Amino acid sequence: MPGLRRALLALFALGVLFAGADVALVLASDHETQKALAAVLIPLIGLAFIGTGTFAWWRRPLNRFGLLMTAVGFAWFIGQLTESNNAVVYTVASFVGPLYLVLVVQMVLGFPTGRLESRAERAIVAIAYLDAFVLTLPVFLLDGDLNLPAGAPANAFVVAHARGAADVVDVITSLIGFAVAAATAVVLLRKRRDASPPQRRAQAPMLWTGLTVIISLAVVFAGDTVGLSEDATGLLGLVGFVAFAILPFAFLAGLLRTRYSQAGAVGELIERLNAPDTSTGLRSALAGALGDPTLELVYWRPSAGHYVTREGHRVELPAADAGRAVAEVERDGKRVGAIIHDAALAEDPTLVRAAAAAAALQLENERLDAELRARVEELQSSRARLVDVTIGERRRLERDLHDGAQQRLVALSIQLGMARRKLADDPDTAGRLLDAARTELEQALGELRELARGIHPAILTDRGLGAALQALAERAPVAVDLHQMPEDRLPAAVEAAAYFVVAESLTNVARYASAENASVAVGREDGYAVVEVRDDGVGGADPGAGSGLRGMADRLAALDGRLEVHSPPGGGTVIRANIPCAPCA
């Protein structure tokens, strides 16, 4: 993002101009007693915040922390305008001076995202701004004690001399300041307690330095209220000032510490994975390397198109807002699995990528084990369902034969017997009985053919899938367009599976879809026979709700195939079957 980079460089250049202006004011000041020290510290501190802030802003444009740190630097420079000998400039700078401290409170509460996540954090920051710029104003207007150094310009905001009232307001603002600082410290400690190990590792330098600033600030506010000695207040103020000055460097130290620990962790991971006598599992090794005991591994099943656990159970990846993040792992350009980890690790994705690259080979090996377990589980489940389906089909065939062809054959036998008895005495009646018997025989033959077609249509064996699907389309109650058929014969098992997928799909279209048109396509793709049935019906098909789609999936699973159903409500249904087919490559 060249535009952002140029803007941030311009912002840093503006900070350099502020630093130069402050140094000029220091050198010309009538009330600064430590000119050399101030001329060094003021630009150093301000530019440290602005430089670190613009760097963080450039690296992570969507993260507000860099913006806040840059704002602290500019607020610091504005506050140092108190070096001016002009009364108005001096007073305005004195009034605005606490802004950098309020921004520090907001910055440490918002670390590392720069956003105030909880209602308590937002309330603390709002009260801090109110205390610094609303409640403090009467102290300036009523000529309160501003602890002006010797030789400093007079308070230019005075409108009335009421030192007593101003002192009361000053005590109230100090008490509120103490409460804000104490509440900030409590929130920071709670965030530390609730953080995951990766978050703690990344937050430690910034958190403890920020806590030192906040606690020192709280003690200084308390000292102003209860009247601590100047030596004690000065010492605590010095500790807080030093901690404030090193806040940007603490942030950088956290980045370096995290990077060095990450590099060491990945190196240790590679060593542990390559050790011949290691008994550490891949998940445990990755969790140790990344510092995330909640880490999970899932494995990609290309044949099924979804992830599974190591035990072979299907699993869905977590949503992005669930406090978890996902890093997919590839080997030789093919997806083999994914690492589900704490969202804090996503702040530096190079760590997870490096660990994933180191573990890709072993993850591929574990993926094969997971694939085998998933297939065994699917075969056991589909076998049980196929047994139930087979028993049900057998009972249906028995019922259809008993209620249909068997009854007709019994009636045929009776009619033939009656015709034989009537043949000599009443030839006309015998003829009519024989005609009825012939009709009954034709109907019985038709029912038997229909039953045979349901088991395995003869046309499929004799003439192939295209002719069988053409016959199926002609009998369908909706218009069916066969717009793509294989030119050559497919393996018998593949043709049978494809035929019954189309047959069941068209049956569902007729029963449930309220469709006017359907289309069927059978093609070849990457070693698979691909069968696709579309309709323009009402959609809403649920693969888990009925036995038809489950039966299709089970039939395909027996051939290592998979079924995909896309059926949005009101958008029609697309059923796609992928059937492994070696000659289809």
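A few comments on the model shown:
- Dipole magnitude of the range 477-523, debye to nearest 20 (Cβ charges: Lys/Arg +1, Asp/Glu -1, about Cα centre): 160 debye
- Length available on full extension from Glu117 to Ala36: 0.36 nm per residue minus the Cα-Cα distance, which gives 25.0 nm.
- Summed residue charge, Cβ within 10 Å of Glu83's Cβ, Lys/Arg positive, Asp/Glu negative: -2
- Built amide H within the under 5 Å cut-off of Val336, gap 5+: Val329, Glu330, Arg331
- Here the simple spin-label model places points 7 Å from the Cα toward Cβ, and for Val96 and Leu27 these points are separated by 2.3 nm.
- Per-pair calculated FRET efficiency, R0 = 56 Å: His313 and Ala424 via Cβ, rounded to 0.05: 0.15
- Cβ-Cβ FRET estimate between Thr507 and Ser413, R0 fixed at 35 Å, reported to 0.05: 0.55
- Arg200 paired with Leu11, simple spin-label distance in nm, labels 7 Å along Cα-to-beta-carbon: 3.3 nm
- Coupling constants for the range 352-368 follow from the phi torsions by the Karplus curve (6.51 cos²θ - 1.76 cosθ + 1.60, θ = phi - 60°), and in residue order they are 5, 5, 5, 5, 5, 5, 5, 9, 4, 5, 5, 5, 5, 5, 5, 4, 5 Hz; glycine and proline get x.
- Under-5 Å amide H pairs with Leu490, H placed in peptide plane, nonlocal only: Leu465
- Shape index of the range 78-182: Rg/Rh, with Rg the Cα radius of gyration and Rh the Kirkwood radius from the inverse mean 1/r over Cα pairs, equals 1.03.
- Coupling constants for the range 20-30 follow from the phi torsions by the Karplus curve (6.51 cos²θ - 1.76 cosθ + 1.60, θ = phi - 60°), and in residue order they are x, 5, 5, 4, 4, 5, 4, 5, 9, 6, 8 Hz; glycine and proline get x.
- When both the range 5-43 and the range 89-152 are represented by their alpha-carbon centers, they are found 21 Å apart.
- Ile172 accessible area, assembled protein chains, probe 1.4 Å, Å²: 80 Å²
- Extension gain, Leu368 back to Glu330 (0.36 nm per residue minus Cα-Cα distance, nm): 12.3 nm
- Debye equation applied to the C-alpha atoms of the range 34-137, log10 I(q)/I(0) at 0.09, 0.14, 0.17, 0.19 Å⁻¹: -0.26, -0.60, -0.84, -0.98
- Taken one residue at a time, the phi angles of the range 481-491 give Karplus couplings (6.51, -1.76, 1.60, θ = phi - 60°) of 9, 9, 9, 7, 10, x, 6, 10, 5, 9, x Hz. Gly and Pro are set to x.
- Residues with amide H under 5 Å from that of Arg524, placed H, sequence gap 5 or more: Val530
- Computed from label points 7 Å out along Cα-Cβ, the spacing between His306 and His483 is 3.0 nm.
- Neighbourhood charge, 11 Å Cβ-Cβ cut-off, centred on Ala195 and excluding it, Lys, Arg +1 and Asp, Glu -1: +4
- For the pair Ala154 and Val171, the difference between a 0.36 nm per residue extended length and the Cα-Cα distance amounts to 3.9 nm.
The values are calculated or read from the model by the stated rules, or taken from the named source; none is laboratory data. All values derive from a computational prediction rather than experimental measurement. Ideal geometry is used to build each Cβ from the backbone, glycine not excepted, and the neighbour counts take in all protein chains shown. For the accessible areas, the whole protein counts, side chains as well, though only heavy atoms, and no ligand, DNA or RNA atoms are used. Shrake-Rupley method; radii C 1.70, N 1.55, O 1.52, S 1.80 Å.
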